[in-house]
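Written below as structure tokens is the structure these notes are about.
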Amino acid sequence: MTSQASNEAGTFLEAVAAALTRAGSYNRNDQSAPAAVLWPDKERQWEPLLPELRARLPLMTVGPYQAGLRQGPAYWVRCMLNGVLEDDQLPADATPIVYLPGFSAQELRAVETCPRELQPLAELQYRGMFWRQRNGRDWTLLAFLQSGDGGLGIEVGADHSTREAVAQALVRLAGEPVGRLKQEAPLRAPFFQGLLHPDEARTILQWLDEPDAWRERRTAEEWAAFVSLCQSKYEFHPEQDGPVTAAGLLGQRNGAWGVVWRRFEEAPASYPNLPDLLRRGRPTKDLGLFMRPESWPQDNEALETLLRERLAGAGAMVASELRKLVRELESAHGRRRDWVWARLGRAPLATAIGHLANLAAETEQALGGASVEAIAAAYAERGWRADAALLDALASASSSEDSAVVKDTSRALYEPWADASARSMQALTPSYRGEQQPLPAGGTCMVFVDGLRFDVARRLEAQLTERGLSVAVASRLAPIPTVTASGKPLAAPPLPLCPTRGFDVATSAGGPVLVADGFRKLLLGAGVQILSRDEVGAPGGIGWTESGDIDKYGHDYGWRLANQLGAEVSRLAARCEQLLEAGWETVQVVTDHGWLLLPGGMPRVDLPEHLTDVRKGRCARFKDSATATGLTAAWHWDPAVRVGLAPGISCFEANKEYEHGGVSPQECITPVVNVTRPRDTGTPVSIEDVRWVQYRCRAKSAGAPGGAFADVRVKANDPSTSLATEARPIPPDGTISVLVSDEDSLGRAVVVVVLSAAGEVLAQTMTIVGGAG
């Protein structure tokens, strides 16, 4: 059940059949054969495939008796399994499969509440095996398409129209090769709709892609009709003119051929042989303005070569001149991102130059400010976009020669900006204070991700929003130094800890270093529920789980982390959605630190190792006998300890493309991502009966969802204008009680707000501090 079901040489139907067969596999040396494979399908999504699957599998269906279809009520299924009926017998050497339309595995497992018509089969859950996902859920169409663990591992759109189209096109989807589905990914509604409504343009493209094979699959009548169509509407004869002539007409796009070209543009990966045919069909005579260079692969390749040559040596240019060059190249080549060759991955530098242009724009002015908070606000608002553009540019080039010019160009643009921004923040280290993540409201599961940088959190936000979830991203200052040993405890609910050797913490002075097992025990002692990476737990209270390998991958592979982040973010988004579906009201994603990444390696700065007890890439702890020199800051857990910090974006070790531990916006300004399901707008939230007892505001809230909290602010949507000592969770009875901390605020006009766990304003009302309401 846990192996990848994909077989790129087979069809979707064959992959489903193979997965069902594997579900009944067992070790014949030390296990008894399962009585049956139970296939629950609550929403009857798989039902259209039954006619085809019955011909391939020992399949029975629970339902009204129909002998020819191997279908009958539960008692009939039991008799068939026991071999006491004369009906169509099942093969003796295969595990029977029992399809349960309209029922879920959960209904069968709940013996006492099991539906009456299913009760005779309830005991099969102990003698048989379920076909279901590793996480215990029943297989749905979308889950089987998307899951890389037992399914096909194909990206599919999460929108409603795509879900509907998958179900509608299932019968046609059954015959589609898995290899083609992977090439077309991400699969969205238009793809599935195209399976339902084939057209003549697609027919011509299929013939062009495989002329001989396509004709062999057609009857004489069908071929004759095709020839007639080509002559009458497309002005060529498939036999007399041939596919190369047709490809030349396709590339020129005159008349009806324009529609065929647009169909090719919609799904170019479906026709893998067509690019070579277009290469051969390109007119040898120059047609001037009618030449359409975007149609011919060799024209695109020539422009890629030209762009590569223009970028060669860019790494040696000063940033201001390089920005001018990048803008010029973007103006000349950006249009090629709309060409079909970009969709086929054959214009990587045209893609990269767009990201490099973004990087040039975002790095024009370094981050700065009069305070750490000002720099943090600037980075959270826009500064992260430079980091995102760098990663996008690095991920867009695949070949070694393309990667070389993209790395050199991006480094030349990014390094001065990142170094100046880091030095601005380092100048303010005397006033820097790392922040403890506060205890979340009940019903929150905290998901810890090692090294979730702010720009990556924005990618996560986009994916979660696409899945229909409500997302709010806030920021928090990581402690100095920005390493896991010091930072992870501050990302968790507050724990009683004290400093020890190195940059580690302990539960008591001089005690052993806090390790993973001890950390979990402390959380358990604080009433936090600990979940493994696959568990969803019992929603309620506060949960803690960990996910992702971003930091490990960065340390192991350097700049190539850029190629891995998409998969990491997708897995994290799926984990958040899984926890919400299990019943958690809020998922709060937290981290310990960010990181710096510079292709080619960060500049090295010397710090003699004999002066330090601990020396990492971007930070060090001086020996008690040594004099702290260079850039230093107080250790968050023991201000008496001075931490040596690498200046700018330099490193104490050579050849480091990925590192953290120092002070920079990228390392220090960490995200806090709160994820909830959209609020039911049918139940409005209100605030009533506002009254003041000196500086304490009391009120009643109606309709507030679980995890909601109250605050008193000068501006409703600006949390920085809060006057409260702390935002207070709203209990089930709706009582609001918030204390204002500023004694000078008496008589000031303020707003009482009710907020969701994600920070969204659900209701607000004006009042006067200390007034009657």
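The values are calculated or read from the model by the stated rules, or taken from the named source; none is laboratory data. No experiment lies behind these values; they were computed from the predicted model shown. Here Cβ is always computed from backbone atoms with ideal geometry, including for glycine, and neighbour counts include all displayed protein chains. Quick note on the areas: whole protein, heavy atoms, side chains included, nothing else; ligands and nucleic acids left out. Shrake-Rupley method; radii C 1.70, N 1.55, O 1.52, S 1.80 Å.
Here are some notes:
- Contact order normalised by residue count of the chain, Cα under 8 Å, 6+ apart, percent: 9
- Label separation (residue 717 vs residue 135): 3.3 nm, computed from points 7 Å beyond Cα along the C-beta direction.
- Average projection, convex hull of the Cα set of the range 96-238: 12.5 square nanometres.
- J(HN,Hα) series, the range 160-174, from Karplus relation 6.51 cos²θ - 1.76 cosθ + 1.60, nearest Hz, glycine and proline x: 4, 5, 5, 4, 5, 5, 4, 5, 5, 9, 4, 4, 5, 4, 4
- Pair-distance distribution of the range 141-207: all C-alpha pairs, bin width 10 Å, starting at 0; shares per bin in whole percent are 21, 57, 20, 3.
- Annotation: average projected area of the range 338-480 is 11.2 square nanometres, based on the convex hull of Cα atoms across all directions.
- Using the alpha carbons alone, the radius of gyration of the range 315-365 stands to its Kirkwood radius in an Rg to Rh ratio of 1.03.
- Sites residue 327 and residue 739 - FRET efficiency at Förster radius 60 Å, r taken between beta-carbons, to 0.05: 0.65
- Once the convex hull of all Cα atoms in the range 314-399 is built, its volume per residue stands at 107 Å³.
- Whole-Å distance, taken between Cα centres, linking the range 611-680 and the range 379-430: 19
- Enclosing the Cα atoms of the range 97-136 in their convex hull gives a volume equal to 81 cubic angstrom per residue.
- Cα-based values for the range 176-254, radius of gyration first and Dmax second, are 14.0, 38 Å.
- Taking every alpha-carbon pair under 8 Å whose residues sit at least 6 apart, the range 424-533 reaches a relative contact order of 22 percent.
- Stretch gain in nm, segment residue 42-residue 431, where the contour uses 0.36 nm per residue and the Cα spacing is subtracted: 134.2 nm
- Cα-Cα separations in the range 661-703 greater than 13 Å, expressed as whole percent: 74
- Percent accessible area from carbon and sulfur atoms, the range 124-237, protein chains only, probe 1.4 Å: 48
- Centre-to-centre, using Cα atoms only, the range 284-357 and the range 746-770 are separated by 53 Å.
- The share of C-alpha pairs in the range 649-773 whose separation exceeds 21 Å stands at 47 percent.
- Alpha carbon centroid spacing (whole Å) that separates the range 67-106 from the range 122-148: 18
- Kirkwood Rh in Å, taken over all unlike Cα pairs in the range 682-744: 12.2
- Inter-label distance, residue 239 to residue 420: 7.2 nm, where each label sits 7 Å from its Cα along the C-beta direction.
- The range 417-468 - percent of accessible surface contributed by carbon and sulfur, probe 1.4 Å: 52
- Cα shape, the range 219-267, gyration tensor, a/c 1.5 rule: prolate
- For the range 232-381, the pair-distance distribution built from all alpha carbon pairs, in bins 5 Å wide starting at 0, is 2, 8, 14, 16, 14, 11, 9, 8, 6, 4, 3, 2, 1, 1, 0, 0 percent.
- Diffusion coefficient, µm² s⁻¹, Stokes-Einstein with Kirkwood Rh over alpha-carbon pairs of the chain at 4 °C and 1.567 mPa s: 42
- Rounded percent of accessible protein surface that carbon and sulfur make up, the range 524-586, 1.4 Å probe: 47
- Kirkwood Rh, angstrom, the range 581-631 [1 / mean 1/r, Cα pairs]: 14.8
- Over the range 454-559 - Rg/Rh using Cα atoms and the Kirkwood inverse-distance radius: 0.99
- Directionally averaged projected area (convex hull, Cα atoms, the range 541-619), nm²: 7.5
- Using only the C-alpha atoms, the convex hull of the range 113-180 corresponds to 159 Å³ per residue.
- Here the scattering of the range 366-407 is modelled by Debye summation over its C-alpha atoms, one equal scatterer each and no solvent; at q = 0.15, 0.16, 0.28 Å⁻¹ the log10 of I(q)/I(0) is -0.49, -0.53, -0.86.
- Taking all protein chains together and rolling a 1.4 Å probe, residue 610 ends up with roughly 130 Å² accessible.
- Ratio Rg/Rh [Cα only; Rh per Kirkwood] for the range 627-715: 1.26
- Put a dot 7 Å past the Cα of residue 276, heading toward its Cβ, do the same for residue 106, and the two dots end up 5.2 nm apart.
- Entries of 552/623; 324/407; 616/656; 521/616; 407/656 with Cα pairs more than 22 Å apart: 552/623; 521/616
- Within straight-line cross-link reach of residue 715, lysines at Cα separation under 28 Å, skipping those fewer than 8 residues along the same chain: 700
- Estimated translational D of the range 78-163 in µm²/s (Stokes, Kirkwood radius over Cα pairs; 37 °C; 0.692 mPa s): 213
- Heavy-atom surface of the range 147-297, accessible at 1.4 Å and reported per residue (Å²): 49
- Antiparallel bridges, percent of DSSP beta bridges restricted to the chain (to nearest 5): 65
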